[in-house]
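Presented below is the structure to which this report refers.
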Amino acid sequence: MQTNVLIAGLGLIGGSIAGAVRIAHPDVHIIGFDTNQLACEEALQRGIIDEAVRRLEDGTGKADLIVLAAPVDAIKKMIEQLAGAPLKPGAIVTDVGSTKRGIMKAAARYLDGRCCFIGGHPMAGSHKSGVSAARPYLFENAYYFIVTEESSEKEAAARRLQDWLKGTNAKFLRVTPEAHDAIVGVISHFPHLVAAALVHHLKDQPDNQVNLRALAAGGFRDITRIASSDPVMWQDIVSNNRDVLLTLFDEWSDEMAKMKAMIEADDKAKIKRFFAEAKHYRDGFPQKQKGAIPSYYDLYVDVPDEPDSISTEPAILAMPELT
């Protein structure tokens, strides 16, 4: 019997999940929906989906799995749409939202008794966006939150969802909605706020007769890279996790006050210990592992101003000791 998966939202994440599902389930029929028809057309052309529908409800009735791959507020609206849409008995609905409590409340309100909703959040991404950047190995070795309350029914559905998603080769973590939002608040959402605030702080400084933006192109640019994230998406995330972030602001203020007191007292021993403890803890982070904030890699090659220099560079980069 043919199984069907509906991917609602054909961007980087939705397209990549479609590819990962097909790897583990080659006979699956993948249906795609997106408000952007160009994304549907490209997904069809690339073989990411087998069929496109113009309305969400046109693809729900035969779907064994429905993946809502959109920003948080859009996911909530799609959940409300599903309340009046045909759903296959035993269907699983999941999402990829960056916050979970609001989504899980919407699912409980609109979908309870109609299907089994299991929250999801793959902790992987890219500086690229859109279905053109989708690739099935995007989530390999990344953490993938499976979010649900504890119950025997949810346990069985969560295992089925993980089987659907096994082609991601992700590391699945089971957490409650509250635990999820607290975790991503401290390791992802709050750092994005700090990075954006640092950029604003620099922007508001007097230039002192130099180009501060040019001088900030080194380390400052690296530590504030995530401030270049999509403003609309982050407005959505902050609004949906505001209580967690406000608590983190209080904790951050306390940390800054301690640091300021250290510096005012010129307590060299405490200052040294402050940096040493931070270095020790950070040096213990796992290497070459995907986390909440996508890694970014720059490759710079010095090319001498000589004939045929550019033509020889690809051969140098392909040398085994450099790969």
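General observations
- Conditions (1) in contact (Cβ under 8 Å) with a residue 60 or more places away in the chain; (2) within 17 Å of Gly14 (Cβ to Cβ); number of the one not met by Ile118: (1)
- Exclusive hit being closer than 19 Å to Pro136 by Cα, under 24 Å from the mean Cα position of the chain (by Cα) and either surrounded by fewer than 16 Cβ atoms within 10 Å (Cβ to Cβ) or not assigned by TED's automatic domain parsing to the domain that holds Ala85 (or both), set Ala24, Ala43: Ala24
- Criterion: more than 24 Å from the chain's Cα centre (by Cα) and closer than 15 Å to Asn4 by Cβ - qualifying residue of Ala83, Ala52: Ala52
- Selected residue [in contact with a His (Cβ under 9 Å, 6 or more places away or on another chain), within 15 Å of Ile13 (Cα to Cα) and among the aliphatic types (A, V, I, L, M)] from Val96, Val67, Val147: Val96
- Restricting Ile66, Ile103 to those that are closer than 18 Å to Glu153 by Cβ, at pLDDT 95 or above and surrounded by 18 or more Cβ atoms within 10 Å (Cβ to Cβ) reduces the list to Ile66.
- Here Ser239, Ser228 are screened, and the one residue that is surrounded by fewer than 18 Cβ atoms within 10 Å (Cβ to Cβ) and either modelled with pLDDT under 90 or touching a His at 6+ places or on another chain (Cβ under 7 Å) (or both) is Ser228.
- Of the residues making up segment 188-219, those that are over 19 Å from Ser98 (Cβ atoms) and either among the aliphatic types (A, V, I, L, M) or surrounded by 15 or more Cβ atoms within 10 Å (Cβ to Cβ) (or both) number 10.
- Single condition Tyr137 does not satisfy, out of (1) under 30 Å from Arg282 (Cα atoms); (2) modelled with pLDDT under 95; (3) assigned to a helix (DSSP H, G or I): (3)
- For Ala106, the criteria (1) in contact with a Lys or Arg (Cβ under 8 Å, 6 or more places away or on another chain); (2) outside any loop (DSSP other than H, G, I, E, B); (3) within 28 Å of Arg225 (Cβ to Cβ) hold in every case but one, which is (3).
- Scope segment 155-176; condition assigned to a helix (DSSP H, G or I) and not acidic (Asp, Glu); matching residues: Ala156, Ala157, Ala158, Arg159, Arg160, Leu161, Gln162, Trp164, Lys166, Gly167, Thr168
- Residues being aromatic (Phe, Trp, Tyr), in the same structural domain as Arg114 (by TED's automatic domain parsing) and outside any loop (DSSP other than H, G, I, E, B) are represented in segment 145-154 by at least one member.
- With respect to the conditions (1) without any contact (Cβ under 8 Å) to a residue 12 or more places away in the chain; (2) closer than 19 Å to Ala69 by Cβ, Trp164 falls short on a single one, namely (1).
The values are calculated or read from the model by the stated rules, or taken from the named source; none is laboratory data. Only a predicted model underlies this, so the values are computations on that prediction, with no experimental measurement involved. Note that we place each Cβ from the backbone using ideal geometry, even for glycine, and neighbour counts take in every protein chain shown.
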